[in-house]
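Let me begin by presenting the structure, written as structure tokens, before commenting on it.
Readers should treat all values here as calculations from the given coordinates under stated rules, not as data from a laboratory. Small disclaimer: the values here were computed from a predicted structure and weren't measured. Reconstructed Cβ throughout: ideal geometry from the backbone, glycine too, with neighbour counts over all protein chains shown.
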Amino acid sequence: MNHYKKADNILQTSDTCLRLGMQHDDFRNAAHALIDRIIDYQVTVPQRQTFPNVKPGFMRSLVPEQAPENAEKWPEVFSDFKEVVMKGLTHWFSSGFMAFYPCGGSYPSTLGEMLSSAIGSLGFSWASSPSCTELETVMLDWLAKALDLPKFFLHNGTGPGGGIIQGTASESTLVTLLSARDKAIRTLLSVDPNQCRHDINKRLIAYASNVSNSSVEKAGKIAFVDLRLLEADDMGSLRGNTLLDAIKEDKKNGRIPFYVCASLGTTACCSFDNLEEVGPICKKEGIWLHIDAAYAGTALLCPEFRFIANGLEFSSSFNLNPHKVMMVNHDCSTLWFKDSSHVRNAMTVDPIYLRHDDSKSGIDYMHWQIPLSRRFRAIKLWFVLRMVGLVGLRNHVRRGVAEAKHLEGLVKTDERYEILFPVVLGLVCFRLKPDILGKKNANDVNRKLYEAILGDRRFFITPASFGGKFFIRISTGSMNCSTGKLDELWKVIHELTHQLLPECNGVI
Ligand code: PLP
């Protein structure tokens, strides 16, 4: 009781300070100064060392063991941010960052994040914050049209389709897998209601290629669904015959094929599954076809890259991450359903405290995703689409591809290296050719070269392997990548190759 009285007194004397953590004017001053620091960061980040010189656990000795009992002031807190956090940051916007795939970002998107965080509105149902839902449905339609997706994905199309913003591609894959499973089980129960759901679940089988992202395998693990990773062809593409053979074999063994996750732009080598072959098979077999285009999907903004999605009309769901190449900050992963009733069937739980009068006409996104609550992510997408514009975004995609072509040209000038996969978008995969390495193991030497580039610290890159070959992948198109920086990288690779293999000198 005493505690409540004390708290009440404090609230009366220092109300704003307690509720907002700072006084209005202190926040105004700190925020204005922080914007300046953010701009300074953006100006200097291209030159910053990409990967920090720290080891696991470095932070323990720099911060207290426990949270402070009493409130601290902003200058102290921000000073610690600079001393403690900046020390161990990987600078994803550094010009030397060429690892994974790029993470999006831009000033319009940052403004959207600031507003979303300040408003703190959670639009899980239409009624919980109507603008959150309404802006999201409009943005998903804008984007579907800009990408030239099939019309059945539109909210305001004639069918039951529509889109949602999920946090990540991993969640999108899991949500579609769970929706497809629910659909398959319902269909089988409608034929024979006496079957047991769990017995059906045991017989279900899903497919993806062995080059698909790790998140696809993870979705199978979480959903407790058998997921078969099928052998991609030499170019990393899942082909129709491979899928058909697997389906036939599994059906013979009493299994029920129900879901395929096809990739457009795999993480390892930016390869593309053959939707024109896989799609008709899924259609004939009544299998849900999900498309993971987390990275490559943004390229569909450019008409010249739309060929990568030939066969998209066969898909049941489609996902891409605007937080990769679309200049939107993490997290923003757009997912479209051809028929949204399936996800709602799989996800809807209906307690009284979530009901509202407009649930028949308004969308309740809580029934389209795993969490209940959700951030207002559509603002940042809206700001980027309006302030960069489709022309600006297309130029951004094209710049990344031009950079990759530039690097491909450099690699091809030196016959000691080979390009392993066609350079279609912003990824170049190469290695030292086995035939110049004599008796040395090509994978070992290429791994050493990769480790040497990473150890040099000027560039942050990631390797991959496919078909038993270890290779180096260079991802272009990040915010501050440039052809000049790729020239620098190529020089570093030359130097390090020379140190590693002094006997194999090449010409720059
Ligand atoms: N799919 C592909 C093809 C990816 O490249 C990635 C990440 O790079 C993912 C899925 C996972 O994305 P997320 O981190 O949004 O789950």
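Here are Lys145, Lys183: which of them is within 22 Å of the chain's Cα centre (by Cα) and among the charged types (D, E, K, R)?
Going through Lys145, Lys183 in turn, just one is within 22 Å of the chain's Cα centre (by Cα) and among the charged types (D, E, K, R): Lys145.
Give the range 361-390 a look and list any residue that's hydrophobic (A, V, I, L, M, F, W, C) and closer than 20 Å to Leu111 by Cβ, or say none.
Phe376, Ala378, Ile379, Leu381, Trp382, Phe383, Val384, Leu385, Met387, Val388, Leu390
Can you name the condition, by its number, that Leu449 falls short on among (1) out of contact with any strand residue (DSSP E or B) (no Cβ under 9 Å at 6 or more places or on another chain); (2) assigned to a helix (DSSP H, G or I)?
(1)
When residues of the range 172-229 are filtered for being within 16 Å of the ligand (Cβ to nearest atom) and part of a helix (DSSP H, G or I), how many remain?
Counting residues in the range 172-229 that are within 16 Å of the ligand (Cβ to nearest atom) and part of a helix (DSSP H, G or I) gives 17.
How many residues, within the range 139-171, are among the hydrophobic types (A, V, I, L, M, F, W, C) and either in a loop (DSSP other than H, G, I, E, B) or out of contact with any Phe, Trp or Tyr (no Cβ under 8 Å at 6 or more places or on another chain) (or both)?
Of the residues in that region, 9 qualify.
Restricting to the range 373-394, give me the number of residues that are surrounded by 15 or more Cβ atoms within 10 Å (Cβ to Cβ) and assigned to a loop (DSSP other than H, G, I, E, B).
Of the residues in that region, 5 qualify.
With the requirement that a residue be assigned to a loop (DSSP other than H, G, I, E, B), under 24 Å from Tyr295 (Cβ atoms) and either polar (S, T, N, Q) or within 16 Å of the ligand (Cβ to nearest atom) (or both), what does the range 323-367 give you?
Answer for the range 323-367, where residues must be assigned to a loop (DSSP other than H, G, I, E, B), under 24 Å from Tyr295 (Cβ atoms) and either polar (S, T, N, Q) or within 16 Å of the ligand (Cβ to nearest atom) (or both): Met326, Met327, Val328, Asn329, His330, Asp331, Cys332.
Of the conditions (1) within 13 Å of Gly240 (Cα to Cα); (2) in a loop (DSSP other than H, G, I, E, B), Ala294 fails just one. Which one is it?
It fails just one condition, (1).
So how many residues does the range 288-308 have that are more than 18 Å from the chain's Cα centre (by Cα) and either touching a residue at least 60 places away in the same chain (Cβ under 8 Å) or within 16 Å of the ligand (Cβ to nearest atom) (or both)?
Number satisfying all stated conditions: 7.
Rundown of residues vs (1) closer than 18 Å to Leu20 by Cα; (2) without any contact (Cβ under 8 Å) to a residue 40 or more places away in the chain, yes/no style:
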residue	(1), (2)
Ile35	no, yes
Phe51	no, no
Lys55	no, yes
Arg60	no, yes
Gln66	no, yes
Lys73	yes, yes
Phe78	yes, no
